[in-house]
Structure formats: structure tokens, C-alpha cells
1. Being of a type outside the set (Val, Ile, Thr), assigned to a strand (DSSP E or B) and within 20 Å of the chain's Cα centre (by Cα): is that true of ARG97 here?
2. Counting only residues that are outside any strand (DSSP E or B) and either surrounded by fewer than 13 Cβ atoms within 10 Å (Cβ to Cβ) or hydroxyl-bearing (Ser, Thr, Tyr) (or both), how many does the range 39-79 have?
3. Assess whether THR82 counts as being of a type in the set (Ser, Thr, Tyr) and either at pLDDT below 75 or surrounded by fewer than 14 Cβ atoms within 10 Å (Cβ to Cβ) (or both).
Amino acid sequence: MRLLSAATGLIFIGLFSLPATADTLTMPPKDRVPAERAGAEFEMPAKGMSMRQVEARFSTPEHKAAPVGDPPITRWKYDEFTVYFEHQYVIHSVLNR
């Protein structure tokens, strides 16, 4: 029994004496605009705008994805940004990377 306790103790001592190592991953802030767009002002659809208002103000999008889920979420992709709608109204607009 003593031999087992001694062996277990040596194993734990060996494990705790190993050096700890880690990698560091640096991420840019979420709100940072990519360098190619720095200084440029982009107007994007505001929350609550209707599909009709968005299309009248920003023209026809490059791609209109079909509604998905319940409530239906629709995605319109423009060259510089993507707009997300719930039913007929904007819920979010994001810059494309």
C-alpha cells in the first residue's frame, strides 16, 4: 500500500513540475473597420427600414436569399454590406469582409 501511495505521489509531483505553455492569439476588435475601408464613410440601412425603403435608397441588391426559419429571416447582399430582415423590416446591417 505504501508503494502505491509513493508511486502516486511521484506521478503528481512529476505532473506539477512540468512547465506550463500556452499560445497567444491576438484578434482585432469586432468594431474595427478593415484597412481598405478606413476613413471611408458607408451608409447602411438602419434598423426598422422596410424592404421597399432599402431597395429605393440603396438600389437592387446583388443577391436576395430566400427567407429561412420562423420568423422568416431574409438576407440581401450588396457589394459593401449585407442586410438582414425579419419579415419586411431591417434587423441588422453588417459590413462585408
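The values are calculated or read from the model by the stated rules, or taken from the named source; none is laboratory data. Only a predicted model underlies this, so the values are computations on that prediction, with no experimental measurement involved. Cβ sites come from the backbone with ideal geometry, for glycine too, and all protein chains shown count toward neighbours.
1. Judged against the criteria, ARG97 is not a match.
2. Within the range 39-79, residues that are outside any strand (DSSP E or B) and either surrounded by fewer than 13 Cβ atoms within 10 Å (Cβ to Cβ) or hydroxyl-bearing (Ser, Thr, Tyr) (or both) number 21.
3. Details: of a type in the set (Ser, Thr, Tyr): yes; either at pLDDT below 75 or surrounded by fewer than 14 Cβ atoms within 10 Å (Cβ to Cβ) (or both): no.
Against the criterion (of a type in the set (Ser, Thr, Tyr) and either at pLDDT below 75 or surrounded by fewer than 14 Cβ atoms within 10 Å (Cβ to Cβ) (or both)), THR82 does not qualify.
Each row is one residue, and each column tells you yes or no for (1) over 14 Å from TYR84 (Cβ atoms); (2) modelled with pLDDT under 90; (3) not aromatic (Phe, Trp, Tyr).
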site	(1), (2), (3)
LEU18	yes, yes, yes
LYS30	yes, yes, yes
GLU41	yes, yes, yes
MET44	no, no, yes
THR60	yes, no, yes
ALA66	no, no, yes
